[in-house]
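The values are calculated or read from the model by the stated rules, or taken from the named source; none is laboratory data. What you see is a predicted model, and the numbers here were worked out from it, not measured in a lab. All Cβ positions, even for glycine, are placed from backbone atoms using ideal geometry, and neighbour counts span all protein chains on display.
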Amino acid sequence: MSGTVLDQNGAPIQGATVTVLGSTRGVLTDEEGRYSLQVEASGELVYTYVGFTPQTIPVEGRTEINVTLNPVVDALDEVTVVAFGQQKKESVVASITTVKPSDLKVPSSNLTTALAGRIAGLIAFQQSGEPGADNADFFIRGVTSFGYSNRPLILVDGVEVPASELARLQVDDLASFSIMKDASATALYGARGANGVILITTKEGKEGKARISLRYETSASQPTQNIELADPITYMNLANEASLTRGRVRQYQWEKIERTMAGEDPMVYPATDWQSLMLKDRTFNHRLNLNVSGGGKVARYYVAATYNKDNGMLKVDNRNNFNNGIDLKTYGLRSNVNINLTNTTEAIVRLNSTWTDYTGPLGNGADFYRQIIRTDPVLFPAYYEPDEKNLTTEHILFGNSGAGEYLNPYANLMKGYRDYTNAMFLAQFEVKQDLDFILDGLKASAMYNTTRYNYYQVSRMYSPFYYILSGYDKTTGKYTLTNLNPTSGHEYLTYNEDAKQITSEDYFQGILNYNTDIGEDHSVSGMLVYTMQNKISANAGSLTKLIGNAKFRTGWSFYLCIPKQILCGGEFWL
């Protein structure tokens with residue numbers, strides 16, 4: 001027996017389950033929606049797929065059966081994610097918004113940049129596009145304190161994570177993304193949920209053959225708009241006009257303006273375009289995600305690997321023996337395994353690790369851009385070509401003026417680089433137990449999670465040598481340079497250890513949940529939650545801070561659904 005499974009629009013459904021009624025034999029449809037299965041002529045086939053109405057069709061001696069499955073709209077909408085579980089949508093009285101993970105796919109390796117404009121009540125804004133500093137700030141329904149502590153609580157598979165880990169999540173790995181906005185929705189989280197809660201669950205394996213998914217993207221990044229600065233000639237004329245209107249002498253003589261306009265020796269009459277010198281027109285980024293899922297009736301798995309590479313817009317001088325251009329590499333590994341220990345017991349093991357390797361300049365992109373805007377384009381060049389006495393000089397002859405007190409952004413960019421590594425490892429074990437043998441609708445679960453964070457940064461730099469133009473022969477075009485800091489400058493790289501952070505977090509959660517229907521129109525649900533959290537910082541800086549801060553929380557919620565959609569519900573935190 002063979003055939004094709006299609007949706008209501010005639011598109012093939014990949015991963016639909018086709019089983020023989022009354023047996024465990026079955027197959028999954030391929031990417032074209034096709035299947036092939038041995039079945040007796042008197043048998044019946046059952047066609048199922050999540051979100052679609054199942055169909056049972058007798059074979060009746062046929063060799064090919066093509067099926068069209070219709071979506072169950074009501075079934076898709078009747079369940080929504082709430083605190084510590086799920087609940088029928090008709091009985092939810094809180095403000096909860098659910099977003100399809102596919103709607104969060106944007107040409108970026110940072111998930112926080114995809115939130116703006118997609119979720120009602122959530123305000124997100126991005127202040128920088130620099131790799132490693134491009135996390136978007138966001139808050140839910142305004143700010144709730146004068147201290148501007150606006151960050152919502154972020155939970156991934158029930159475990160609290162910082163916004164930096166949200167940024168490194170991959171859309172391909174997400175199963176659900178929900179925002180809990182008001183007090184009734186976040187009551188079970190206590191004060192932690194005062195600014196709203198973001199609930200995220202990751203994908204789990206489904207029964208069937210192994211399914212492999214590979215996604216590779218490359219994108220070009222460039223400034224949305226560059227500030228158009230006055231050209232050097234206009235700059236000097238306007239500077240003179242500003243001086244004369246204030247009763248001062250000209251800053252730039254006509255000879256300098258005319259020779260600069262004529263394009264004579266740029267070492268003597270510089271006209272430096274700092275933006276073109278230090279910034280690229282565009283850069284290219286790369287993203288790769290590979291995941292495999294599948295399993296049988298006893299065990300199911302989802303395994304994923306991620307690699308992202310983001311490059312910055314700052315240029316690199318090849319005369320340095322190091323590369324200080326922005327290069328951000330992010331790696332990720334995720335493994336979710338579900339095992340049916342018995343017919344009523346399920347164990348889940350989740351392992352997740354993400355780490356980041358960064359190389360870049362000593363400052364950040366915003367600092368360099370401010371320096372570019374504020375630096376005089378005609379006072380001195382970024383660097384001098386060697387004069388006769390510096391033909392064998394190995395270091396870069398950075399330009400300056402006066403006693404060397406002026407800002408040279410090019411020298412600040414090229415004088416060193418920094419590296420940092422940020423790594424997170426998470427291991428989680430969860431057990432779910434159906435307690436129907438005690439009371440119909442009673443379930444229990446327990447989950448233990450341990451998370452390890454580590455971060456370190458090191459910097460390497462040299463002290464630039466600055467030069468000024470001390471002599472110029474107009475007849476021969478030769479110039480003479482003078483070193484402003486021959487004793488304080490050096491060519492070798494110094495080493496500096498910067499911030500380090502090592503933290504360990506342990507979390508335990510136990511839940512007892514009861515949910516039952518009374519007749520056709522009534523339902524009652526209740527939940528008892530116990531949590532324990534312990535966090536230790538290995539380099540807190542003082543004895544009082546170096547304490548494992550154990551937190552104990554318990555809470556319960558109660559809902560009652562009355563006919564005719566007259567609803568009442570409550571959540572209480574103890």
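How many residues are among the β-branched types (Val, Ile, Thr) and within 17 Å of Thr218 (Cα to Cα) when one looks only at the range 93-112?
1
Among the listed residues Tyr189, Tyr216, which satisfies the condition of being more than 30 Å from Arg282 (Cα to Cα) and either at pLDDT 85 or above or crowded, with 17+ Cβ neighbours inside 10 Å (or both)? Even if it seems obvious, please write down each step before you answer.
Numbers: Tyr216 fails: more than 30 Å from Arg282 (Cα to Cα).
On inspection, the qualifying residue turns out to be Tyr189.
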- request: Go through (1) surrounded by 17 or more Cβ atoms within 10 Å (Cβ to Cβ); (2) closer than 30 Å to Pro223 by Cα one by one and return the number of the condition Gly295 breaks.
  value: (2)
query: Mind checking which pairs have a first residue in the range 261-286 that is farther than 24 Å from Ile227 by Cα and a second that is modelled with pLDDT of 90 or more and assigned to a loop (DSSP other than H, G, I, E, B), Cβ under 7 Å, 6 or more apart or different chains?
result: Met267/Pro381; Met267/Glu385
- prompt: Got at least one residue in the range 456-478 being part of a helix (DSSP H, G or I) and either surrounded by 15 or more Cβ atoms within 10 Å (Cβ to Cβ) or acidic (Asp, Glu) (or both)?
  reply: no
- prompt: If Phe177 passes every condition in (1) surrounded by 16 or more Cβ atoms within 10 Å (Cβ to Cβ); (2) within 19 Å of Thr98 (Cα to Cα); (3) at pLDDT below 85 but one, which one does it miss?
  reply: (3)
- prompt: Quick one: Asn226 ticks every box in (1) touching a helix residue (DSSP H, G or I) at 6+ places or on another chain (Cβ under 8 Å); (2) among the polar types (S, T, N, Q); (3) under 26 Å from Lys105 (Cα atoms); (4) exposed (fewer than 15 other Cβ atoms within 10 Å of the Cβ) bar one, so which box is it?
  reply: (3)
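Limited to the range 458-500, what total is found for residues that are over 37 Å from the mean Cα position of the chain (by Cα) and acidic (Asp, Glu)?
Step one: of the range 458-500, the residues over 37 Å from the mean Cα position of the chain (by Cα) are 465-491.
Checking which are acidic (Asp, Glu) leaves us with 473, 491.
Result for the range 458-500: 2.
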query: Does at least one position in the range 221-243 carry a residue that is at pLDDT 90 or above, more than 22 Å from Thr272 (Cα to Cα), not in a loop (DSSP other than H, G, I, E, B) and not polar (S, T, N, Q)?
result: no
message: I'm told Tyr331 meets every condition in (1) part of a strand (DSSP E or B); (2) surrounded by fewer than 17 Cβ atoms within 10 Å (Cβ to Cβ); (3) touching a residue at least 60 places away in the same chain (Cβ under 8 Å) except one. Can you identify the failing condition by its number?
response: (3)
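Identify the residue in the range 479-505 that is part of a strand (DSSP E or B) and among the β-branched types (Val, Ile, Thr) and, among all such residues, is nearest to Arg452 (Cα to Cα).
If we take residues in the range 479-505 being part of a strand (DSSP E or B) and among the β-branched types (Val, Ile, Thr), then Thr503 is nearest to Arg452 (Cα to Cα).
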- request: Look through the range 23-41, keep the residues that are in contact with a strand residue (DSSP E or B) (Cβ under 8 Å, 6 or more places away or on another chain) and among the small types (Gly, Ala, Ser), and return whichever of them is surrounded by the fewest Cβ atoms within 10 Å (Cβ to Cβ).
  value: Ser36
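Collect the residues in the range 389-419 that are in a loop (DSSP other than H, G, I, E, B), surrounded by fewer than 18 Cβ atoms within 10 Å (Cβ to Cβ), at negative phi and out of contact with any Ser or Thr (no Cβ under 7 Å at 6 or more places or on another chain), keeping them in residue-number order.
Listed by number, the residues that qualify are Leu391, Thr392, Thr393, Glu394, His395, Ser401, Ala403, Glu405, Tyr406.
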task: Determine if the range 432-452 includes at least one residue that is in contact with a Ser or Thr (Cβ under 6 Å, 6 or more places away or on another chain) and of a type in the set (Asp, Glu).
output: yes
Restricting the range 53-89 to residues that are in contact with a helix residue (DSSP H, G or I) (Cβ under 9 Å, 6 or more places away or on another chain) and not small (Gly, Ala, Ser), the residue that is modelled with the highest pLDDT: Thr53
- line: Subset of the range 118-167, residues β-branched (Val, Ile, Thr), over 30 Å from Arg282 (Cβ atoms) and either at pLDDT 85 or above or surrounded by fewer than 18 Cβ atoms within 10 Å (Cβ to Cβ) (or both), comes to Val143, Thr144, Ile154, Val156, Val159, Val161
